[in-house]
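The values are calculated or read from the model by the stated rules, or taken from the named source; none is laboratory data. Bear in mind the structure is a predicted one, so any value in this text is a computation, not a measurement. All Cβ positions, even for glycine, are placed from backbone atoms using ideal geometry, and neighbour counts span all protein chains on display.
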């Protein structure tokens, strides 16, 4: 059975005997804290009864305030979701939970405080403060003849219990079904600010549930294209508000359950990038993708007469953040060399269309190639010069003064 009882007995006036420290407690402003307690507890007469007993028996008043806060915490855990409580208990080796009654009636107070912390209902500083209050409360309860609440105990217990728990409304944690109802619309949708705020406040288990659903659905060909795109867009909207633990767990699940030992496909890289899990994938997986993408670039070629293929080819590369995540130097250098050649083009000035065009280059590919190079903060001037130094094709093309001007535009990125 739980320990706390939050109802206060009414003490007959004839038995009232003021505590020796009642004047100091009064001057400490403890009663002002009571005004911050939520109206729901005012309706239960908690404030009135606490004010009545405080001058007479501060120790009992402290115990009652603490017990009320623990009862409130139990109700908040139920409102947050029994599924989140079950997972938090399982992951942190806390007693099993099978029903609301386990929380309301059978969960030990110390374990309950830990459960609330692991669910995300208490921050770590709040958790430590409530644990200290619990230690003081046990002293008051079990050492009545040896330990009475001092002024410092009263102030600390009242301020902590009220500021951390009793003054705060229950958290309405967003449910997976709410996200599903949004992204499964037959029309393009965006996640509005209110939903993002609810997601931001959700504890790790609920965020993880939502995030993994969006990742999985965005890659599931069984779903309509519009639903998959909605999930993809939703990942981009909530990525910045996702806890690091959720991102790490999603990355681990992505590798173990989806990739195994193979490199990711383009669609998987797109989703990994927009969801923020790409930096946490295995290096071998990521470099394996870039190796296959280099083969795609080389099979297409950078020559300007392949202009009609370059747009889609390089937009796909931009959707995985270009070359930023490629850590294999040889592969990355070859990709950058291809991009440089696509941007440079070759000497023009001949034929009907070349009369006013000294350089022929891909109209669709060149701007994208320049952007990919420019947006990769890992590329340095030394890298560009090193690649130029070992590339016969680049050196050949920039021997033309007009092509050299285009190469200078790339160098100017680093000036």
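Summary of values
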| item | result |
| --- | --- |
| Test: residue 60 is more than 21 Å from the chain's Cα centre (by Cα), crowded, with 19+ Cβ neighbours inside 10 Å, more than 22 Å from residue 171 (Cα to Cα) and not assigned by TED's automatic domain parsing to the domain that holds residue 198 | yes |
| Residue match in the range 376-383 (condition: assigned to a helix (DSSP H, G or I), at negative phi and in contact with a helix residue (DSSP H, G or I) (Cβ under 8 Å, 6 or more places away or on another chain)) | yes |
| Residues of the range 259-286 classified as outside any loop (DSSP other than H, G, I, E, B), without any contact (Cβ under 8 Å) to a residue 60 or more places away in the chain and under 21 Å from the mean Cα position of the chain (by Cα), total | 10 |
| Test: residue in the range 87-100 that is crowded, with 22+ Cβ neighbours inside 10 Å and part of a helix (DSSP H, G or I) | yes |
| Residue in the range 395-408 that is assigned to a helix (DSSP H, G or I), on the phi < 0 side of the Ramachandran plot, touching a residue at least 60 places away in the same chain (Cβ under 8 Å) and in contact with a strand residue (DSSP E or B) (Cβ under 7 Å, 6 or more places away or on another chain) present | yes |
| In the range 288-297, residue nearest to residue 247 (Cα to Cα) [restricted to those that are crowded, with 18+ Cβ neighbours inside 10 Å and touching a helix residue (DSSP H, G or I) at 6+ places or on another chain (Cβ under 6 Å)] | 289 |
| Qualifying residue in the range 302-312 (condition: farther than 24 Å from residue 208 by Cβ and buried (at least 21 other Cβ atoms within 10 Å of the Cβ)) | yes |
| Which listed residue, of 340, 398, 394, is assigned by TED's automatic domain parsing to the domain that holds residue 302 and under 21 Å from residue 320 (Cβ atoms) | 340 |
| Counted residues, the range 385-394 - those being within 17 Å of residue 303 (Cα to Cα), in a helix (DSSP H, G or I) and in contact with a helix residue (DSSP H, G or I) (Cβ under 7 Å, 6 or more places away or on another chain) | 2 |
| Number of the condition not met by residue 55 [criteria: (1) part of a helix (DSSP H, G or I); (2) more than 33 Å from the chain's Cα centre (by Cα); (3) free of Cβ contacts under 8 Å to residues at least 40 places away in the same chain] | (1) |
